[in-house]
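Comments concern the structure below.
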Amino acid sequence: MGRPKQFDPDVAVDQAMDVFWRKGYAGTTPQDLVEALGIGKGSLYNTFGSKHALYERALRRYRDQQAAALVAALEEGGPVKARLRRTLEFLVEMDLADPGRRGCMAVNAAAELAGTDEVATELVQRMLDRTEGAFRALIEEGLRSGEIAPGRDPAALGSMLLNTVVGLRLMARVAESPDRLVRVIDATLDCL
C-alpha cells in the first residue's frame, strides 16, 4: 500500500507557477521544483508526471487567474475609457511593484517557447484570444455608448489593445520609472 500524499497538489501548482514564472521553463530544473514544493522527486513525478506536465498546469493556472482578473477589471462599472485606463495602469503598477520584475508569464512563455512547444503555444494563444475578446467587447460597448468614435473597427482596436498590453508587460520588466509606460497608456487612449 502506497503512502498518502503529504502535500496539496493545488498548492504545489501555485508554487511551481512562481518558480516557472521567475526562471522560465528551460531555466527551471526538477531540483528547483523539488525545493520550492518541499517534496521529493518521486512525489513530483508520481503526482505530475513530468516537469512539462507541471509547467502546463502552472501555465493554465496563470491563464485562468490572470485572464479572469483582467476581464473582471474591464467589466467594472464606469465609462469605457476610464475602465481601460484603470486596467492598464493596474497592470503597470503590478509589474513595477514586483521585485523580481517577472512580467507576464504568458508573454514570457510565448517568447521562450513559441514555435517549439505546441501545448504552451496553444495555452498562450487561448489566453491572448480571451484578452483580445474582452478588449473587443469593451470597444463595442464604447461604440454603443458613443464614447468611441463611430465607424471604428472593434476587432482592430481589440488587437491593438492586446498588443499594447503585451508591450507594456514586457517594457515593465526593464523600466526605470513608469513615465514611458504612462505615455504609452495616454497615447493608446488618445487613439480611441
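Every number here is computed from the coordinates shown, using simple stated rules; none is lab data. Note that the structure is a prediction, hence the values are computed from the model and not measured. Neighbour counts are summed over all protein chains in view; Cβ atoms, including those assigned to glycine, are modelled from backbone coordinates with ideal geometry.
Points to keep in mind about this one:
- The chain - charge dipole about Cα centre, Lys and Arg +1 at Cβ, Asp and Glu -1, debye rounded to 20: 320
- Taking N as the residue count of the chain, its C-alpha radius of gyration divided by 2.2 N^0.38 Å amounts to 1.17.
- With Cα atoms, 0 to 90° folded angle of helix 179-191 axis to the chain main axis: 50
- Our summary gives the chain a relative contact order of 21 percent, counting only alpha carbon pairs under 8 angstrom and 6 or more residues apart.
- Residue 148 long-range amide H proximity, modeled H, under 5 Å: 143
- Helix 118-145 and the longest principal axis of the Cα set of the chain meet at an angle near 30°.
- Here 104, 191 are placed in order of increasing Cβ neighbour count within 10 Å, fewest first, which gives 191, 104.
- For segment 160-167, the Karplus equation 6.51 cos²θ - 1.76 cosθ + 1.60, evaluated at θ = phi - 60°, returns couplings of 4, 5, 4, 4, 4, 5, 4, x Hz by residue, with Gly and Pro reported as x.
- Ranking 109, 182, 74 by Cα position along the charge dipole of segment 62-191, where only Lys, Arg, Asp and Glu carry charges on their C-beta atoms, puts 182 farthest toward the positive end.
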